[in-house]
Amino acid sequence: MTIGAVPLLLSRALPVPQSGTIEIPGEDGMIVRSFRFLDLETPVEYLNTWLTPVPHFFVRNHMHEPSQLDPDGWRVTVGGEVAKPISLTLSELAKLESHSIVNTLECAGNGRALHHPQVPGIQWGKGAVSTARFSGPRLGDVLERAGIKPTGKHVMFRGLDEIPGKVPPFIRSIPIEKALDADTLIATHMNGAPLAKHHGFPARALVPGWIGAASCKWLTEIKVLESEFAGNFMSPGYRFPNQPAQPGDTVKPEDTHPLTALNVKSVISGPLDGASLKAGKIAVHGAAWAGEASIVKVEVSTDGGASWNPVSLGREQAHYAWCLWTYDWRAKGGDYTILSRATDSQGRTQPAIAAWNPSGYLYNAVDQVKIHVA
Ligand code: MTE
């Protein structure tokens, strides 16, 4: 079987490890990938609403969440390469003009468990991705108040995470152009309600279309820098090889670049892998997203990649948000491998096999489920 010119190894199953269920209050049905630092994956069958309800929105924490957060005492400081360092309370932020962006947030490590050979790190299956409407003032408006000096080229965020032992703090930076983009926010709300604690209450950065790590939670400090922040989560963390890497390669830091925007990608949210269904009309459905680009088409194959069919894209669409899609299939009895493949406005199409890299970032191979039709 082939996808385009690339042979598709259908014998290669896509095992998505499911962990046991630990009940996390308010996080109904989520897959717990780590309990010490809370990492919750959205089950793939929940990726079927344009806006993900907050209790079903994946959670990724590198360390402990802040144990005490007093919204009345909270401030975010803005300093570094600025004319006038400032600090703002939550009510001062609330007085600034608010903007809303529907954004698909995806962890750079989403799909890591699907890379072959395996790479170390949280073994995310398909659901370290969710979509919400984020609202709050523009980061650019806040930076403008402080007055960026001409030397200011990058903007660093620090959160209020509680740092265990000698672990380096979760501090990252983004280039000034993205910080000043009108769609980059200091988000205080998610789906119309104040941010939930797991998602960064009382305020987080929202860097739309970029890997989730760019969107710092529990924001406490914004600092304008002359150059990219030098710290563990900028290097060696969250970097990608400049040249294709082969499994087992060690890639030197100078041969890598920081991850920014997300890849083109689709997932099948139903039918589920391993499902046994009745012959007749079967709706194959899922979601597709492309970071800063837009989805132009999604195709489904019900014959393991020999032929492809266009799907219908959902009416709810926004620049950085996933599109939901559906393919109405008339199925006869048999065993099937169903594939989905997205193409975006930058001409990128999901590959048959994702680019392997030592940290397992940006997995975006054509998605597949195997089902039985009786
Ligand atoms: N911000 C802080 N302060 N600490 C973190 O551990 N994790 C980042 C980002 N922001 C993180 C953070 C990562 S890796 C991701 S993918 C997103 O938050 C996840 O956001 P969510 O938990 O709201 O889904």
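The values are calculated or read from the model by the stated rules, or taken from the named source; none is laboratory data. Note that the coordinates shown come from a computational prediction; the quantities given were computed from them, not determined experimentally. Here Cβ is always computed from backbone atoms with ideal geometry, including for glycine, and neighbour counts include all displayed protein chains. Quick note on the areas: whole protein, heavy atoms, side chains included, nothing else; ligands and nucleic acids left out. Shrake-Rupley method; radii C 1.70, N 1.55, O 1.52, S 1.80 Å.
Numbers below:
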| item | result |
| --- | --- |
| Qualifying residue in region 319-330 (condition: outside any loop (DSSP other than H, G, I, E, B), open to solvent by less than 10 Å² (accessible area, probe 1.4 Å), touching a His at 6+ places or on another chain (Cβ under 9 Å) and within 15 Å of Leu47 (Cα to Cα)) | yes |
| Only one of Phe170, Phe157 that is open to solvent by less than 10 Å² (accessible area, probe 1.4 Å), within 10 Å of the ligand (Cβ to nearest atom) and more than 16 Å from the chain's Cα centre (by Cα) | Phe157 |
| Answer residue from region 105-122, given it is in contact with a strand residue (DSSP E or B) (Cβ under 7 Å, 6 or more places away or on another chain) and not charged (D, E, K, R) and is surrounded by the fewest Cβ atoms within 10 Å (Cβ to Cβ) among those | Ile122 |
| Count of residues meeting criterion [under 30 Å from Ser266 (Cα atoms) and of a type in the set (Ser, Thr, Tyr)] in region 39-95 | 4 |
| One residue from Val311, Val373, Val369, Val298 being free of Cβ contacts under 8 Å to residues at least 40 places away in the same chain, farther than 27 Å from His99 by Cβ and surrounded by 18 or more Cβ atoms within 10 Å (Cβ to Cβ) | Val311 |
| Residues that are over 17 Å from the mean Cα position of the chain (by Cα) and not hydroxyl-bearing (Ser, Thr, Tyr), drawn from region 179-190 | Ala179, Leu180, Asp181, Ala182, Ile186, His189 |
| Leading residue by the ranking (farthest from Met30 (Cα to Cα)) among those in region 124-135 that are within 14 Å of the ligand (Cβ to nearest atom) and crowded, with 24+ Cβ neighbours inside 10 Å | Phe134 |
